[in-house]
1. Within the bounds of segment 37-55, is there any residue that is without any contact (Cβ under 8 Å) to a residue 60 or more places away in the chain, in contact with a Phe, Trp or Tyr (Cβ under 9 Å, 6 or more places away or on another chain) and surrounded by fewer than 16 Cβ atoms within 10 Å (Cβ to Cβ)?
2. Taking segment 152-183 only, how many residues are modelled with pLDDT under 65 and charged (D, E, K, R)?
3. Considering only segment 67-79, I want to know if a residue exists there that is modelled with pLDDT of 90 or more, under 24 Å from N13 (Cβ atoms) and among the small types (G, A, S).
4. Give the residues of segment 27-36 that are assigned to a loop (DSSP other than H, G, I, E, B) and without any contact (Cβ under 8 Å) to a residue 24 or more places away in the chain, sorted by residue number.
5. Condition test on T106, is it farther than 29 Å from L49 by Cα and of a type in the set (S, T, N, Q)?
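The values are calculated or read from the model by the stated rules, or taken from the named source; none is laboratory data. It should be emphasised that the depicted structure is a prediction, and the values quoted were computed from it without experimental measurement. Counting neighbours? That spans all protein chains shown, and the Cβs are built from the backbone with ideal geometry, glycine included.
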Amino acid sequence: MFSKFADYCVVLNKPELCEELINKFKNQLNPVNREIRIQIAESHLQNHLKNYDKALEIISKSNPTSCDEKLKIRGIELIVNFNMKNYETVYNLIRNFSSFIKYEKTLNTMLRDVFANFLNYLKKLTDMNTNHYDSFKKEKELSLMLSKLSTEKTANRKWLMSVMNGMYEKSAFPPKGKGHDSIKSLSGNNYSQIVINPDSDKRKWNINCLLQKVSE
């Protein structure tokens, strides 16, 4: 529960609560796995604060022993390196992580599939950032990925949504004089229908977000 509450604080953009949680309850954790649980929470916090070098330093000092701990540490390590745009490192970590989930005997089928999905999404996003995708192709692929992600179980789903939404919005600008265009971005349990008006001076588009609830 400690790690989950720490994650929720980060997702809710309440880093001060995450830090308070760590400081308040760290001495009450089971001594057997206290250190690694604190390291997982702190690495998530430092990543959220964009202290990426500090997050990687914490990860480098960690020594996960259980399968669950290894999955969490490998996942946050990938996220931090992606955020730092260390794409070659991301590719290497994806390959290593893929081998781990393929051959780890203690990993059940559900978790294997959930993390395999995460790695597949992350590889596609990394490909988009390292190859010269034209805007139309990137929009199309991101749209398909967002639609699929809304129903598919995957690790680090909220983070993936955030990254995809950001990339989608950056690539979805229409050419001058084309009237209104629209894009869909997925945030949490909501679709945001974003209507872009390119007719304003100097391409200063007005964006209106209409939220339509969708089920997971």
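1. No, that holds for no residue.
2. Residues that pass the stated criteria total 3.
3. Yes, some residue in segment 67-79 is modelled with pLDDT of 90 or more, under 24 Å from N13 (Cβ atoms) and among the small types (G, A, S).
4. N30, P31, V32
5. Considered against the rule, which asks whether it is farther than 29 Å from L49 by Cα and of a type in the set (S, T, N, Q), T106 comes out as yes.
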